[in-house]
């Protein structure tokens, strides 16, 4: 049985910048040890963050084609949740509330940041 989890956007950024740091977290998704969940909002955030000029300057080898392939791989290895109710609001960082709400909607006990 797979563990159900939601990965925060910054984990993906770490993988792009320093894959050796987060390799095992992504290996767990690819091997099926972890079932990862995405929704439209978290996917859009990932795409926006990967296109930031500051990040792109740090990840020179991350071409647009490689970025698209990486996002496609993430999508291919994730389950998509189409409806994420706004149940919880994180007061200290409201824009991160989506990750908690996604975990609740997916009944995922793990939120990896």
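Summary of computed values
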{"item": "Condition met for residue 16 (touching a strand residue (DSSP E or B) at 6+ places or on another chain (Cβ under 7 Å) and either crowded, with 16+ Cβ neighbours inside 10 Å or under 16 Å from residue 2 (Cβ atoms) (or both))", "result": "no"}
{"item": "Condition met for residue 88 (touching a helix residue (DSSP H, G or I) at 6+ places or on another chain (Cβ under 9 Å) and part of a helix (DSSP H, G or I))", "result": "no"}
{"item": "Some residue of the range 47-67 being within 24 Å of residue 3 (Cα to Cα), in contact with a helix residue (DSSP H, G or I) (Cβ under 8 Å, 6 or more places away or on another chain) and either outside any strand (DSSP E or B) or touching a residue at least 60 places away in the same chain (Cβ under 8 Å) (or both)", "result": "no"}
{"item": "Members of the range 1-30 that are over 14 Å from residue 78 (Cβ atoms), assigned to a helix (DSSP H, G or I) and without any contact (Cβ under 8 Å) to a residue 60 or more places away in the chain", "result": "13, 14, 16, 17, 19, 20, 21, 22, 23, 24, 27"}
{"item": "Yes/no for residue 102 being modelled with pLDDT of 90 or more and in contact with a helix residue (DSSP H, G or I) (Cβ under 9 Å, 6 or more places away or on another chain)", "result": "yes"}
{"item": "Search result, residues across the range 47-58 that are crowded, with 16+ Cβ neighbours inside 10 Å and either farther than 16 Å from residue 18 by Cα or over 17 Å from the mean Cα position of the chain (by Cα) (or both)", "result": "none"}
{"item": "Meets criteria (over 20 Å from residue 4 (Cα atoms), in contact with a helix residue (DSSP H, G or I) (Cβ under 6 Å, 6 or more places away or on another chain) and surrounded by 11 or more Cβ atoms within 10 Å (Cβ to Cβ)) for residue 41", "result": "no"}
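The values are calculated or read from the model by the stated rules, or taken from the named source; none is laboratory data. Values in this document were obtained by computation on a predicted structure and should not be read as measured data. Cβ: placed from backbone, ideal geometry, glycine included. Neighbour counts: every protein chain shown.
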